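Accompanying notes for the structure given below.
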Amino acid sequence: MKDIDGKTALVTGAGSGIGRASARRFAEEGANVVVADVVEETGRETVELIEDAGGDATFVEVDVSEFASVERMVDVAVETYGTLDFAHNNAGILTGFTETTDITEEQWDRLLDINLKGIWACMRAELPVMEAQGSGAIVNTASEAGLVGMGGLSSYSASKHGVVGLTKSVALEYAGRGVRVNAIAPGPTKTNIQSSFLGSDDSSLLSRLKTALELVRMAIRTMRADFDTSAMRDVPMGRIAEAEEMAGVVAFLCSSDASYITGHTLPVDGGQAAD
Ligand code: NAD
């Protein structure tokens, strides 16, 4: 990838899944990486993985739903590496499949605070640094659920549609100021996000059971797809993505190969958006 080597990349939610893959990919491309996550243990594991492979990484504990915490994260990035060239604002949560009328105000606020306010908070802290240095590229993690509705996931889908709109609007504000802003919309990807919502305290037992059932259905559809791709209607390519397949696209969008791309949400979904 062009022009990532020697730069500084910040990745939120980098202790797991897509964020970890993205952090490792930035390091492979030669960037210094700020690994940010609310869970210290897994974040430090990502740093170790990068260092074991010969890269340079620093862990910062952050809760993206708290603006003061996000400001501190960006300060640490700049203090440690002197610049902030790329940001992958990726941290997010998914709660169980829940009817809209069963979502509590507390569940709604928590999900929107992390998935949508968190992306705004990150950009609010990152943009002045990038503007001051005259260049920067931001990639936000949206979702296929940010492009189409998903029954049972209305709060998640609303948060991710919000990320898509926020990405477009901020890209327009900064198009003439040296900062590009894009998003990816992953389709189903092998990560820990399922276990995070299965284990969440505020999920009702019924919600957890519905979620477990949906996961079993998804697994069955995937297994069938090995024999007959058309059986897995959800993903035309007939398989779930690897996190590394998201990371490559994030690196591309940050690289100067994507120098004329801003304001877009790129589906990385095995063909789902085309169906
Ligand atoms: P994951 O659970 O494996 O990783 C999410 C990471 O975010 C975890 O390390 C977690 O500790 C961190 N995190 C959670 N809340 C945080 C907070 N408040 N502050 C900082 N960090 C926090 O899940 P993943 O699948 O890698 O998810 C990454 C992103 O991808 C999310 O935004 C998710 O909505 C999106 N996404 C995932 C899929 C999928 O199928 N896995 C599909 C579409 C979109």
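Yes/no per residue for (1) within 9 Å of the ligand (Cβ to nearest atom); (2) farther than 15 Å from VAL35 by Cβ:
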| position | (1), (2) |
| --- | --- |
| VAL78 | no, yes |
| ALA87 | no, no |
| THR98 | no, yes |
| GLN107 | no, yes |
| LEU111 | no, yes |
| ILE119 | yes, yes |
| MET123 | no, yes |
| GLU131 | no, yes |
Counting only residues that are acidic (Asp, Glu) and either in contact with a strand residue (DSSP E or B) (Cβ under 8 Å, 6 or more places away or on another chain) or closer than 23 Å to ILE138 by Cα (or both), segment 259-275 contains a total of 1
Checked segment 30-81 for anything touching a residue at least 40 places away in the same chain (Cβ under 8 Å), of a type in the set (Phe, Trp, Tyr) and within 24 Å of LYS117 (Cα to Cα); matches are PHE67
Contact list, first residue from segment 87-102 and closer than 30 Å to ALA251 by Cβ, second anywhere and among the acidic types (Asp, Glu) and more than 10 Å from the ligand (Cβ to nearest atom), beta-carbon distance below 6 Å, six or more apart or interchain, is ALA87/GLU126
For segment 158-182, pairs from a residue that is touching a residue at least 24 places away in the same chain (Cβ under 8 Å) and part of a helix (DSSP H, G or I) to a residue that is among the aromatic types (Phe, Trp, Tyr) and surrounded by fewer than 19 Cβ atoms within 10 Å (Cβ to Cβ), with Cβ under 8 Å and 6 or more apart or across chains, are LEU166/TRP120
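None of the figures in this text is laboratory data; all of them are computed from the coordinates on show. Note that this is a predicted model, so its numbers are computed, not measured. Here the Cβ is made from the backbone with ideal geometry for all residues, glycine too, and neighbour counts use every protein chain on show.
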